[in-house]
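S.K.: Would you mind keeping the following structure in view while I ask a few things?
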Amino acid sequence: MSFIPSLGTEVWTMPVYEYKCTTCGAREEHILRFSDPPPTTCEVCGGSLKRAWSGRVHVSLEGWGFSKTDSLVSDDRPRKDFKKLKERAEQIRDE
């Protein structure tokens, strides 16, 4: 169960899987339990389906060294030496 703030309650959620037909290229979305077998035939042409990566996945790379945070540092300011930072972090960890 997951808490959905907009609903103010917990609800059962099931993942949405996207499949692409290997014959005609049609895309289908299926809501499946983990125990459900995957669909095998295309609803459009009857061809075989292959699971596709969904466009709804959000990956956020955070921390110094990624473009999102690099844009916060002005170009005239020298970049930090990450090797020295890593060595210092390992030193602190070992203390």
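The values are calculated or read from the model by the stated rules, or taken from the named source; none is laboratory data. Just so you know, these numbers come straight off a predicted model, no measurement behind them. In this analysis, Cβ positions are derived from the backbone assuming ideal geometry, glycine residues included, and neighbour counts consider all displayed protein chains.
S.K.: Residues of the stretch 28-49 being in a strand (DSSP E or B), surrounded by 11 or more Cβ atoms within 10 Å (Cβ to Cβ) and not polar (S, T, N, Q), which ones? Outline the logic, then answer.
M.R.: Initial filter on the stretch 28-49 (in a strand (DSSP E or B)): 28-31, 41, 48-49.
In the following step, the residues that additionally are surrounded by 11 or more Cβ atoms within 10 Å (Cβ to Cβ) were identified as 28-30, 41, 48-49.
28, 29, 30, 49 - these are the residues of the stretch 28-49 that are in a strand (DSSP E or B), surrounded by 11 or more Cβ atoms within 10 Å (Cβ to Cβ) and not polar (S, T, N, Q).
S.K.: Additional query: Give me the residue from the stretch 50-77 that is of a type in the set (Gly, Ala, Ser) and not in a loop (DSSP other than H, G, I, E, B) and, out of that set, modelled with the highest pLDDT.
M.R.: Looking at the filtered set, the residue picked out is 52.
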